[in-house]
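Data block below; observations after.
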Amino acid sequence: MGGSKSSSSSSNQTINTDKRLVVDGGGVGVSSDSSTVNVTQTDLGAIGRAFDFATTSGANVVTTLDKVLGIADTVLKGSLASVQSTNSVVSQAYETAKNTTSGAIDQKTMIVMAIAGAVVFVARGK
C-alpha cells in the first residue's frame, strides 16, 4: 500500500479601494486609503460665490445711488422753483399793499400776504 499524498491550494484576493471624498454640510471632507484617513477642509465654493455676490452688489449700489441722487436733484430743483415763485407772489403783494392810494392795506391784500407767508413757512420747514 503505499501511496503518496499530495495537496494543493490556491487563493485569489481582490482588494477594492474607494477613494471618494465624503463631505458633510459643514465643509469637512473625509477620505480613506487602507489605514490612512485624510481630512480636508473645503468651502464648497462659498468664497467664490461671496466674491461674485460682492461684485454684483457693488454694481447695484452704484446704480441705485445714482438714481437716488437724480431724484434728490429733481426734488431740490422743484423746491427751489416753488420758493422763488412764492417769493415773487409775496413781493407783488407787498408792492400792491405799499402802493394803495389810501396808504392802508385792504383785506384782500392781507389775505394774499397771509397765504403767501404760510406757503413760505411750510416750504422752508421741509
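Amide H neighbours of Gly29 under 5 Å, at least 5 residues apart or on other chains, H built in the peptide plane: list them. Amide H to amide H, under 5 Å and 5 or more residues apart or across chains, Gly29 pairs with Thr40, Gln41, Thr42. On full extension, the segment bounded by Val28 and Glu95 gains 15.7 nm, given 0.36 nm per residue less the C-alpha separation. Treating r as the C-beta distance of Thr109 and Leu80 and R0 as 41 Å, the FRET efficiency rounds to 0.95.
Computed from backbone phi with θ = phi - 60° and the Karplus coefficients 6.51, -1.76 and 1.60, the 3J(HN,Hα) list for the stretch 69-82 is 5, x, 5, 4, 4, 4, 5, 5, 5, x, 5, 4, 5, 5 Hz; x is used for glycine and proline.
Every read-out reported here was derived from the displayed coordinates using simple, explicitly stated rules and does not represent laboratory data. Since this is a predicted model, take the numbers as computed values, not measurements. Cβ coordinates were reconstructed from backbone atoms using ideal geometry, including for glycine residues, and neighbour counts include every protein chain displayed.
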